[in-house]
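Working notes for the structure below.
The values are calculated or read from the model by the stated rules, or taken from the named source; none is laboratory data. All values reported here derive from a predicted model rather than from experimental measurement. Counting neighbours? That spans all protein chains shown, and the Cβs are built from the backbone with ideal geometry, glycine included. Calculation scope for accessible area: heavy atoms of the full protein, side chains included, ligands and nucleic acids excluded. Shrake-Rupley method; radii C 1.70, N 1.55, O 1.52, S 1.80 Å.
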Amino acid sequence: MKNAVFQTGNTFESQSFGAGHARKVWRRIEEQLPGGFLIKNVSDFATAGLIRSGMAIVKNSASGADEKDIKVLPWATIKTAITGDSPAGIDSLGIIGFLQEDVPVTSASTVATGNVIVKGEIYGYMLGDTQADATAIAAAVKGMTQKNGLNIRVVD
């Protein structure tokens, strides 16, 4: 297939395959961390049935976690960090990148992987569940301290 876009987030009990999607999430992907990462908090997204591309990623800090274990930050966690009393704001979350593609979640026991983008351009309207949240989170990501090679630029 010429110019096909294939989903890079995997769920291992999925019986379907999808190519492409209608939403533009990334304008440009310049760099991603090598290899797929195991998403350890899939159950947080079982009700929604999907982990959306563009969501923030942090390392899994649980005892015994592997270096390839990650967690996806819900938008509410980011919103709390940027509107709460913490002066560190979004930098205090330890974001290492953002999810490249949508990851379908069929149940709380879904085993899922995802690619982590560390350098690129993301559309700001993708950074929240509501327009108000997306605007606030996009502004925080624009001002995020760029650490360890993380360079995500928000575009309109």
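Of all residues assigned to the stretch 75-95, none qualifies as being open to solvent by less than 40 Å² (accessible area, probe 1.4 Å) and modelled with pLDDT of 95 or more.
Among the residues of the stretch 109-156, those that are over 18 Å from residue 31 (Cβ atoms), small (Gly, Ala, Ser) and buried (at least 16 other Cβ atoms within 10 Å of the Cβ) comprise 112, 124, 128, 134, 136, 138, 140. Can you tell me how many residues in the stretch 120-135 are touching a Leu at 6+ places or on another chain (Cβ under 9 Å) and in contact (Cβ under 8 Å) with a residue 24 or more places away in the chain? Residues flagged as touching a Leu at 6+ places or on another chain (Cβ under 9 Å) and in contact (Cβ under 8 Å) with a residue 24 or more places away in the chain within the stretch 120-135 amount to 1. Scanning the stretch 46-64 for residues that are open to solvent by 20 Å² or more (accessible area, probe 1.4 Å), at pLDDT 90 or above and of a type in the set (A, V, I, L, M, F, W, C) gives 46, 48, 50.
Looking at the stretch 101-108, is at least one residue more than 21 Å from residue 29 (Cα to Cα), aliphatic (A, V, I, L, M) and open to solvent by 20 Å² or more (accessible area, probe 1.4 Å)? Yes.
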